[in-house]
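Rule-based calculations on the coordinates, nothing more; no lab input. Since we're looking at a predicted model, the values are computed, not measured. Cβ placement follows ideal geometry from the backbone for every residue including glycine, while neighbour counts extend to all protein chains displayed.
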Amino acid sequence: MSISIEKLSHTFSQGTPFEKAVLHDITLELDAGSRIGIAGRSGSGKTTLIQHLNGLLRPTGGAISVNGLEVSSRNLKELRRRVGMVSQQPEQQLFEETVFKEVAFGLSGCAITATETDMRVRGALKAVGLGEEILGSSPFALSCGQKRRVAIASVLVTEPEILVMDEPTAGLDPRGRREILDFISGLQRERGLTLIMVSHNMDDLARLCDRVVVLSNGAVAMDGKTREVFGDIGALERAGLKAPQIRYLMMELKRRIPELDDTVLTVEEARVELGRVWGMKREETGSHDERDDHGEVFPRRFDYSQIGSENKDNPDSDLYDRCISC
Amino acid sequence: MRGLKPVFFLALFAVVMNLFFVSGTPLTEHGILSHISREGIDLALKMVLRLLLLASVASLLTFTTTPLSLTDGLERLMKPLNRIKVPVHEIAMMISIALRFIPAILKEADRIIKAQASRSADLDGGNALQRARNFMPIILPLFAGAFRRGDDLATAMEARCYRGNRGRTSMRRPGFSLADLTSAAVMVVFLTTLMLVEHARY
């Protein structure tokens, strides 16, 4: 399901002295099945924009249509079934007596049988990796991670075609972050969902999204493939953001090793690139390094003899010196 | 003037009621004006003035004094109640914390309403029972959030050495100033004049 946004504007409290224009003339085409990240500093209008996607807010200017149908009050119910929105820190919205009821809450407006509801609830729980034994427990008795998963399950239960996530990794430790991103990635691939992820964590966006839209002061500042957007550090910083952390390290290294390709997005890519260049350098100097099972160079042993003033002519020694001294 | 808005309709209603439904000496023999009596006008004017005064004084208070100063003043006034074991300081602290959290809770309520509406668009339909049940998805998380906030706040206050009223001093020390004395004097003069005027009529 695709979303078409045309010159969307939104002004809060229009006509009152508290009027505030939050979004200006946003035009975007969000294709079905793609993974789109929406980035921007706090206050740039990200949350306001995504609240238009499921009709929570209506545009004060311009239009938005989902799958060809314009968003209006008549098709809100259907729209909210098809566009699943997981808000920030969703574990704070749990309220039912049992996990079953909590997950089934999303189906309360639908005219379906009890067996169908049961099936869907169980399916949703399975999709988030939770077992059926918690169906009877109180949502408040679960751990934080489980609560978040239950909250996500309660959105997945309506089998949406578009999944909108607002800061899915907020408040999680690095492992939790990795787990939830992997889960979202797997889910999107499995069900062919259109994924829209709002985040101001550049590393998360780099990992997950094919396309990134950067908002700045309520307008689209950048829009393109992830690698291109994160390649233009100047524009990113003008919009109040930074590139994924690893890029800054690679840029610094590139100043000393011109052959390095610094347009990496993740630590994995950096490792591969560094390995490649290291291999190249080693071949130039004719020394050997261990290669791992994939044939990649793994500089496990550090050749200390290269360090020191005796090897000032050797281009590699400059690199080692600097690395040690900094 | 903004503060007078709430009373406007009440004042209008009072005027109409008093003008047309108070019996007494009529203004003219015939026509519509015969339904209006002198006493009616009298009462109507008095009522309107009272309402206007009430509203303006209340507005003046809220426009010139911050909620925190009001609470401080309230606490000072209630101090004598300490002797009969009324927890004055705790009450004042509760009021100021509640005031401080109103905007935060409003914001959270908005967030929760939006989140629940995204899950199930059925939050405004049905009969009275249905509508009452529709409050649960909002009230429960709100309460849970409030308890969580309260817990965090208590820990934070304890970490900053708050132990209740024992040995507690304040940064601001509101005291009597010339302004207070002058306004008190003006009020006394005003009241006496009013009473004398009322008395003189009879």
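Among A:Thr285, A:Thr194, the order by Cβ neighbours within 10 angstrom, fewest to most, reads A:Thr285, A:Thr194. Largest mean-square fluctuation among A:Leu236, A:Leu260, A:Leu195, in a Gaussian network model of chain A whose springs join Cα atoms under 10 Å apart, belongs to A:Leu260. Among A:Cys209, B:Cys161, A:Cys110, A:Cys144, a tally of other beta-carbon atoms within 10 Å of each Cβ gives an order, fewest to most, of B:Cys161, A:Cys144, A:Cys110, A:Cys209.
Taken along its three principal axes, the alpha carbon spread of region A:125-250 comes to 52, 29, 26 Å, from the longest extent down to the shortest. For region A:192-256, the gyration tensor built on C-alpha atoms gives an oblate shape. Its axis ratio a/c (a ≥ b ≥ c) is at least 1.5, and a/b is not larger than b/c. Taking 7 Å steps out from each Cα toward its Cβ at A:Glu252 and B:Arg50 produces label points 7.7 nm apart. A Förster distance of 51 Å, applied to the separation of the beta-carbon atoms of B:Phe8 and A:Thr27, puts the FRET efficiency at 0.65. Shown for A:His24, A:His10: other C-beta atoms within 10 Å of each C-beta, ranked fewest to most, produce the order A:His24, A:His10. Phi angles of region B:148-161 translate, via the Karplus equation with coefficients 6.51, -1.76, 1.60 and θ = phi - 60°, into HN-Hα couplings of 4, 5, x, 4, 4, 5, 4, 4, 5, 5, 5, 4, 9, 6 Hz per residue; Gly and Pro are given as x. Beta bridges assigned by DSSP with both partners in the protein assembly as shown are antiparallel in approximately 55 percent of cases. In plain terms, the bigger the Kirkwood radius, the slower the diffusion; for region A:59-138, with that radius from Cα pairs, at 20 °C and 1.002 mPa s, Stokes-Einstein puts D at 145 µm²/s.
To the nearest 0.05, what FRET efficiency results for A:Met119 and A:Thr98 with a Förster distance of 22 Å applied to their C-beta separation? Result of the calculation: an efficiency of 0.85. For chain A, complete DSSP H runs whose alpha carbons reach 15 Å or more along their own long axis and whose mean Kyte-Doolittle score is -0.5 or higher are A:114-127, A:144-156. Normalised radius of gyration (Cα atoms, divided by 2.2 N^0.38 Å) for region A:172-226: 1.22. Taking 11 Å as the cut-off, the amide N atoms of region B:132-176 that come nearer than this to a point 7 Å along the Cα-to-beta-carbon line of B:Arg100 belong to B:153-154, B:156-158. For the options A:Ala111, A:Ala63, A:Ala221, a Gaussian network treatment of chain A with springs between C-alpha atoms closer than 10 Å singles out A:Ala111 as fluctuating the most.
Phi angles across region A:94-101 convert, under the Karplus curve 6.51 cos²θ - 1.76 cosθ + 1.60 with θ = phi - 60°, into 3J(HN,Hα) values of 6, 8, 6, 6, 10, 4, 4, 5 Hz, Gly and Pro given as x. Using the Cβ-Cβ distance between B:Met136 and A:Glu283 with R0 set to 51 Å, the FRET efficiency from 1/(1 + (r/R0)^6) comes to roughly 0.15. Available extension along the chain between A:Ala111 and A:Val267 is 51.4 nm, counting 0.36 nm per residue and deducting the alpha carbon span. Size of chain A: Rg and Dmax of its alpha carbons, in Å, are 24.3, 81. Placing dummy labels 7 Å off each Cα toward the beta-carbon, the span from A:Ser4 to B:Lys107 is 3.7 nm. One equal scatterer on each Cα of region B:84-174, no solvent, Debye formula: the resulting log10 I(q)/I(0) at q = 0.21, 0.24 Å⁻¹ is -1.10, -1.28.
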